[in-house]
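Student: Following this message is one structure expressed as structure tokens.
The values are calculated or read from the model by the stated rules, or taken from the named source; none is laboratory data. Fair warning: this is a prediction, and the values are worked out from it, not measured in the lab. Ideal geometry is used to build each Cβ from the backbone, glycine not excepted, and the neighbour counts take in all protein chains shown.
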Amino acid sequence: MGNVATRKAFGDAILRIGEDPRVVVLTGDLKNSTHVEDFAAKFPERFIDVGIAEKNMIGMAAGLGLSGKVPFACSFAAFVANRLEVVRLSVAYNQANVKIVGTHVGIGIGDDGATQMALEDIAAMRALPNMAIIQPCDEIETHRAVDLLLEHEGPAFLRLMRQGTAPVHDESYSFSFGRAERLRDGTDVTIVATGAQVQESLAAAESMEAEGISAGVLNVHTIQPLDAETIVEAVTRTHFVVTAEDHNVNGGLGGAVAEAILESGVHAKLARVGLRSFGESGSTNELYAKYGLDAAGIAATTRALLA
């Protein structure tokens, strides 16, 4: 398997589960960017392009969800998060069975530029108490997440990347909703990552092993509900923890992990890798290097924490 974008994997997955007559796909003039064009061609009677009208899209999806359908409302995550009042009232408050799909997240979208970079979407969705938040790190995990969402009852937000990511899982992988995945054990520090930072964290851990630093890596594909138990258990062993995400550290995975550790009463030292500013235009590799989200940056943050 090569590097596949999770948004592309979603397009393949939604086409596959589209055989289920409950599935309806909506988008806001972005069917190609969100990779639902094949679904639209095969199931035109269950595809709705609302145009550049995300508020309307979310409201329509809520109605479909409340009437027994399983709607997937697809747009750039930056556009969806900016319609939070409609998500809050039409979807979350009404407990509508809507799957909101936000693509093009973080600075990883690269040259598309700062206005398209969703860096606040996790924080926005985390504020809604019944909103499940899932961010898969690779192609296989995306397929498993979509299968889960087809049967999951209630509001959910699926966070997908524009850029391709190397495979972490194979076909035998089983997705466990609400449970962090232990990818690597470590005795010195625990790295808690989501999305593309899972691969970067694994590479960072491998590079630090040669220096005598034992780093464990957790893949938090389900950010809400957070698997605080597994995270706290790992941190109890290492007492040092680094979170890594392509999102603002305030309200994102870093904030959620900090809250979980503090509430547990475990003594630990924490460093958060993520954004503390808006993004800018540039290639994914350039931006990840500049903002410390690549393997070298995560390793550098980890060394500084341990020092």
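Student: Applying the selection to the range 8-59, what residues are among the basic types (Lys, Arg), in a helix (DSSP H, G or I) and closer than 13 Å to Ala73 by Cα?
Tutor: Hits for the range 8-59 are Arg46, Lys55.
Student: When the residues of the range 97-125 are filtered to those that are over 18 Å from the mean Cα position of the chain (by Cα) and surrounded by fewer than 21 Cβ atoms within 10 Å (Cβ to Cβ), which remaining residue is farthest from Gly65 (Cα to Cα)?
Tutor: Ranking the candidates gives Asp111 first.
Student: Could you identify the single residue in Ile17, Ile58 that is more than 27 Å from Gln116 (Cα to Cα) and in contact with a helix residue (DSSP H, G or I) (Cβ under 7 Å, 6 or more places away or on another chain)?
Tutor: Among Ile17, Ile58, only Ile17 is more than 27 Å from Gln116 (Cα to Cα) and in contact with a helix residue (DSSP H, G or I) (Cβ under 7 Å, 6 or more places away or on another chain).
Student: I'd like the residue in the range 260-307 that is hydroxyl-bearing (Ser, Thr, Tyr) and touching a Phe, Trp or Tyr at 6+ places or on another chain (Cβ under 9 Å) and, out of all such residues, is nearest to Val105 (Cα to Cα).
Tutor: Among those that are hydroxyl-bearing (Ser, Thr, Tyr) and touching a Phe, Trp or Tyr at 6+ places or on another chain (Cβ under 9 Å), it is Ser277.
Student: Could you tell me whether the range 222-229 includes any residue that is within 24 Å of Met131 (Cβ to Cβ), in contact with a Cys (Cβ under 8 Å, 6 or more places away or on another chain) and either surrounded by fewer than 23 Cβ atoms within 10 Å (Cβ to Cβ) or not acidic (Asp, Glu) (or both)?
Tutor: There is no residue in the range 222-229 that is within 24 Å of Met131 (Cβ to Cβ), in contact with a Cys (Cβ under 8 Å, 6 or more places away or on another chain) and either surrounded by fewer than 23 Cβ atoms within 10 Å (Cβ to Cβ) or not acidic (Asp, Glu) (or both).
Student: Right, here's the next one. As an exercise: evaluate Glu229 against (1) more than 23 Å from Ile109 (Cβ to Cβ); (2) at pLDDT below 95; (3) not basic (Lys, Arg) and give the number of the one condition it does not meet.
Tutor: In the conditions (1) more than 23 Å from Ile109 (Cβ to Cβ); (2) at pLDDT below 95; (3) not basic (Lys, Arg), Glu229 misses (2) alone.
Student: Can you tell me which of Ser264, Ser277 is touching a residue at least 24 places away in the same chain (Cβ under 8 Å) and of a type in the set (S, T, N, Q)?
Tutor: The match here is Ser264.
Student: Which count do you get for residues in the range 192-221 that are touching a Cys at 6+ places or on another chain (Cβ under 8 Å) and surrounded by fewer than 23 Cβ atoms within 10 Å (Cβ to Cβ)?
Tutor: 1
Student: Suppose the filter is within 22 Å of Gly63 (Cβ to Cβ) and without any contact (Cβ under 8 Å) to a residue 60 or more places away in the chain; does Glu151 pass it?
Tutor: Yes, satisfied.
Student: Name the residues in the range 44-62 that are farther than 16 Å from Val80 by Cβ and not hydrophobic (A, V, I, L, M, F, W, C), would you?
Tutor: Pro44, Glu45, Arg46
Student: Hey, among Leu160, Leu128, which residue is in the same structural domain as Ile107 (by TED's automatic domain parsing), in contact with a Pro (Cβ under 8 Å, 6 or more places away or on another chain), under 15 Å from Ala81 (Cβ atoms) and surrounded by 22 or more Cβ atoms within 10 Å (Cβ to Cβ)?
Tutor: One residue alone meets the criteria, Leu160.
Student: Okay, moving on. Test each condition in (1) farther than 26 Å from Gly2 by Cβ; (2) in contact with a helix residue (DSSP H, G or I) (Cβ under 8 Å, 6 or more places away or on another chain); (3) not β-branched (Val, Ile, Thr) for Asp185 and report the one that comes out false.
Tutor: The one condition Asp185 does not meet is (2).
Student: Continuing with this model, one more query. How about the range 4-56: which of its residues are of a type in the set (Asp, Glu) and without any contact (Cβ under 8 Å) to a residue 24 or more places away in the chain?
Tutor: Passing the criteria: Glu19, Asp29, Glu45, Asp49.
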